[in-house]
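Input: a single structure, listed below in structure tokens.
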Amino acid sequence: MTVERLAFRNFRNLAEDAIEPAPGVNVIYGENAQGKTNLLEAAWLFTGGHSFRGTKDAELPRLEDGKNAAEAALSMRIFSEGRAQELRLLIQNGRRSSTINGVEKKTGSALVGKFCAVIFSPEHLLLVKEGPARRRAFLDGALCQMKPSFARTLSHYTRALLQRNTLLKDAVRHPELLDTLEIWNERLVLFGVDVMLERIGFCRLLHPKAKDVYAGIAKGREALSLGYAPFDGADTKEALQAQFREALEAAEKTDIRAGFTSVGPHRDDLDIRIDGLSARTYGSQGQQRSIVLALKLAEADVLFGATGERPVILLDDVMSELDASRQDYLLNHIDGRQVFLTCCDPQAVRPMKEGKRFRVENGRIRETAVEKRE
Ligand SMILES: Nc1ncnc2c1ncn2[C@@H]1O[C@H](COP(=O)(O)OP(=O)(O)OP(=O)(O)O)[C@@H](O)[C@H]1O
Ligand SMILES: [Mg+2]
């Protein structure tokens, strides 16, 4: 899908205006605090998701004299499902409503599935650097977009886990409760393996795509590999169940002492390696940035495979720390996808074959000429 037009009124610091992006790469540039990220955010809100910066809806309308405007209005024309479609989003008194092709909807979440996008913002770098929770959230978030039933699978597991943990805590005073531990192990295995299988399946779809994108970004100098840890490798559901059951039994004494369950999908991780070494421990800043990019672009490809529509790619501040050849890949070798990327210095951005550039200055946006590459 592509954004053909994006218009805004009273949205953050953006002046009332509209842009008509190119179907390929769109570079949004300007100095700090001018409104570049605000523009990406305006597009992102059409996914139906929350602000990726954690801002409350009530704070999105334009601030004037210390007060937020009564409403912010956004509209977007997209080309999707073989035709042009008109989407509108109104944020009023902290509540959202939307219009899809002229039909009014009471909520903003009615837009979910209409507009699909993948966002990379600087805080996503924590995906590689921080602990496993963010990586599990990345897998689960993508799975929920692809398969709405996954959220249910996950909540069945979480409930079983909570009950097992309660039993482990109560067992200090009532050791006889441990007689029922095996029953809870079985429930955990039953639901946990469903979660693991979905995540492993997604990782297997993601892996070859992320590997290809990474090879493109790094010009084949380094190789990315992904794995679901520690339970990858088991090829059948039964084998995975046996592995998980064994791990639970092996950790039983520790779990009873600690009062919680130390193995299972709530502790699993997406293992990311560059040339066989852990990216979290050994990756350079530029490598970590490239990895997150590869994961996001690959996620977009997997979503495309599942839905038949290519998500729009929103890249906030991705250029810094990328060397010339990595930038060149982003600007000239992402075929068939619409990309919006923000940066401060347009000179630092390598020349593009095609696409558009927009300069943002104090909330005003204007299209500027692209110096063509020979
Ligand atoms: N509700 C609002 N009303 C008016 N202005 C706002 C509102 N929310 C944020 N701003 C202003 O928008 C500006 C920040 O815009 P944005 O985050 O898009 O900057 P940027 O161009 O991405 O900068 P950087 O290069 O530093 O990332 C700030 O000056 C901020 O005060
Ligand atoms: Mg910004």
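Only the coordinates and a few stated rules stand behind these numbers; no lab work does. All figures in this text were calculated on a predicted structure; none of them were measured in a lab. Note that we place each Cβ from the backbone using ideal geometry, even for glycine, and neighbour counts take in every protein chain shown.
Annotation: amide H of R357 within the under-5 Å range of V27, T368, sequence separation 5 or more or interchain, hydrogens built in the peptide plane.
Length available on full extension from Q92 to E104: 0.36 nm per residue minus the Cα-Cα distance, which gives 2.9 nm. Within a straight-line Cα-Cα reach of under 21 Å, K114 can be paired with the following lysines, leaving aside sequence neighbours fewer than 8 residues apart in one chain: K105, K106, K147, K296. Between 0 and 90 degrees, rounded to the nearest ten: what's the tilt of helix 181-217 against the longest Cα principal axis of the chain? For helix 181-217, the angle is close to 40 degrees.
Under the criterion of Cα pairs below 8 Å and six or more residues apart, the relative contact order for the chain equals 25 percent. Compute the angle between helix 285-307 and the longest alpha-carbon principal axis of the chain, please, reported from 0 to 90 degrees and rounded to the nearest 10. Roughly 90 degrees between the two axes. A straight line joining the Cα centroids of segment 247-263 and segment 97-123 runs 43 Å. The C-alpha atoms of the chain define a longest principal axis, and helix 150-170 lies at about 40 degrees to it. Taking the Cα centre of the chain as reference, the dipole from Cβ charges on Lys and Arg (+1) and Asp and Glu (-1) amounts to some 620 debye. When a/c reaches 1.5 or more, the comparison of a/b and b/c decides; with that in mind, is segment 106-175 rounded, prolate or oblate per its Cα gyration tensor? Oblate. Comparing G94, G363, G24 in a Gaussian network model of the chain where C-alpha atoms under 10 Å apart are linked, the largest mean-square fluctuation is found at G94.
Give me the number: length gained by fully extending R364 to E81, i.e. 0.36 nm times residue separation minus the C-alpha to C-alpha distance, one decimal in nm.
The span from R364 to E81 would gain 98.7 nm if fully extended.
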